[in-house]
Amino acid sequence: MFRQWIVLTLLFSVDVAAKQPPTHWMITTTDVLLTDSPTLLSAPVNVQVERQNQANTLVWQGESDAIFVIEETTDGNHYTQVGSTSENTFRVDNAVTGRFSYRVQACDNNGYCSNWSVPTRPVGEIPPITAIAFEDAGALTVMKIAENNPHQYYEDVVHIYEYRNVRDEQWTRIETPSAFTPPTSGEYWLRGYVCRDSEALTECSVPTVSSHATFLAVRPTRPVAKLHQGPYNEITFSWNEQENAAFYHVLVQRVKDVSTLFKGKVVAPQIVFNDQFPRGENIAFEVMACASETVCSIYSEFIITSPFVRLTPYVPTSYLEVGENNYAAFSWEPSARHADYYEVKISDNGMVVFLGKTTDLSIESHDFLSRGNPLAFQVRACLNEGSCSNYSEPKTFTPEWLPHNPLPRPWTLNASKTVAQLGEQIRINWSMHPDFKEAVTFNIKRRSASSEVILAENVNATHFDYIVDDIGELTLFVEACNNIGECGRSRNLSLYGVNTESTLSITAVPDRVMVGEKVGFVYNLPSGYSCYSPFLKEEIKGRGVLTKVILAVTDSNQFTWRCSDFLFNYKFIDTTFTSRKLPAPSLRLEK
């Protein structure tokens, strides 16, 4: 590299009269005044950096008598000059946080400089990963690792991830971070750090630990399913139990249109279906094993079967047995061809008086049918889809009139409690005399001041849950009625409805009055309470609301109220106020 200064001599002609600019130019002489040829500088080599006590010391090999310029980059940002020296070493202090790299350039006194050296390896603290956590990526996938600040501006770093079960102390390295499956299901911590890409991995960032432990489930293996089809379309779908499965998802579909017939979650490795799918169609069964709602195996290979088309049952053979007090037992043999249920019909001169379904093989009648007319008992066998056999031959029976039966009447009547809060539920119980055999139903009624209120009708049980719907004394009774409308009533049952949400209180307002003035008494009596004052000479019944009574004040300054509830538990309340007489008028005579 060199420089030259050159002097040029120019000759030109011009037409003065025309006042035109020069039109011809000619170089006549060329002189070289100065030529310099600086030394070509080589870039520094073997630039090394060592870090100690938050200071970075550089050494290199370079030209003698050269000035060396040092530039620094922090965390991959632009280079900036940090100093210059004539020595082959330089110290950078206060390099506290960050990842540092340096380059060096050699320059002479005339300002000529070499190319930059090769940048040094990065030194300094490696910034930690900002955040790290296990991430559930959804069903049929393993766990993923998510992180921020991945240090992409370092070409010489490697990311290390480790996991630890909450029950252990040992951290284990994750070899394949993009698809991590824990060894066993459980709660795990995750940590990660950034290291220099070297075998020793001695220079690393501070580990970043996940903010919380995450439950990770091991994905179960794919189940192997089998299917057994028994009589009457009882289908048992089962599979081999999976070690890491918490439950199983079963899917049953119609093959022709892939519509779902059943989709459910079971814990046991099998499920039984009892003739609940369309008959004569191809049905596909599948199952998958799940460790959690999002970690499951794939579905098993589907198994296809076709439920049998069932034939109409045969007519059952029936029997009728009668006894005392119009007792009748109607029974039948099972249909020779399978039936899902039986339909029983009882007719009175061709009019159906009873029609019911049952899976049993008999029904009993304890004088609950009409008397005096012949009754026909018949039964038929049916399938769930609606096809039925013909009715059996009728078996007839004529219930007799029982004129000597006593009038039905409940024998006992009691309640779980006799004083109850408004809105509280109490149970009313009753019974018939042990010698009374006639079938009856019951009506429960409450007597009010002017009428009777029906609480329930045609009750077959011998108890009734009554919700207290009023306050004060309540009178209940029960009627027993036979099938011809004869009814007898029980004794009365007395209950008391109370409202104790308010507090018993009586207060004088105001508490300072003059004799002859009026004072008000504000009282708050819960339902069920009544209070009497000799001064008032009357009884006040509580209704759970604030009430005020105004009285003229005499010389007395205290009233005593005697209060009691329905159980005659007495309380005495004194209401005290101050009374005073008006002062006597004063007279003054004047002339």
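The values are calculated or read from the model by the stated rules, or taken from the named source; none is laboratory data. It should be emphasised that the depicted structure is a prediction, and the values quoted were computed from it without experimental measurement. Every residue, glycine among them, receives a Cβ derived from its backbone with ideal geometry; neighbour counts consider all protein chains shown. Heads up: the accessible areas ignore ligands, DNA and RNA and are worked out on the full protein's heavy atoms, side chains in. Shrake-Rupley method; radii C 1.70, N 1.55, O 1.52, S 1.80 Å.
So here's what we get for this one:
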| item | result |
| --- | --- |
| Packing-based order for 326-336, 382-392, using average beta carbon neighbours within 10 Å, highest first | 326-336, 382-392 |
| Ranking by accessible area, most exposed first, for 354, 247 with a 1.4 Å probe | 354, 247 |
| Estimated distance in nm for a label pair at residue 429 and residue 348, the labels positioned 7 Å out from Cα along Cα-to-Cβ | 3.5 |
| FRET E, pair residue 366, residue 492, Förster distance 35 Å, beta-carbon r, rounded to 0.05 | 0.75 |
| Stretchable slack from residue 268 to residue 393, in nm (0.36 nm times residue separation minus alpha-carbon distance) | 40.3 nm |
| Listed pairs 345/395; 263/357; 265/357 exceeding 21 Å between Cα atoms | 263/357; 265/357 |
| Unit charges on C-beta of K, R, D, E only; dipole of the range 302-455, Debye | 540 |
| Ranked packing of 293-299, 78-84, 419-425, most packed first, by mean Cβ within 10 Å | 293-299, 419-425, 78-84 |
| Chain lengthening between residue 258 and residue 212 when straightened (0.36 nm per residue, less Cα-Cα) | 12.3 nm |
| Phi to ³J(HN,Hα) by Karplus 6.51 cos²θ - 1.76 cosθ + 1.60 over the range 290-298, Hz, x for Gly, Pro | 10, 8, 8, 5, 10, 10, 9, 6, 7 |
| Estimated FRET transfer efficiency (residue 54, residue 79; beta-carbon r; R0 25 Å; 0.05) | 0.75 |
| Peptides 232-243, 254-265, 279-290 ordered by average Cβ neighbours within 10 Å, highest first | 279-290, 232-243, 254-265 |
| Where labels lie 7 Å past Cα in the beta-carbon direction, separation of residue 456 and residue 224 in nm | 5.8 |
| Net length gained if the chain between residue 158 and residue 317 were fully extended (0.36 nm per residue, minus Cα distance) | 48.7 nm |
| Å² of accessible area per residue within the range 279-331, as computed with a 1.4 Å probe and no ligands counted | 48 |
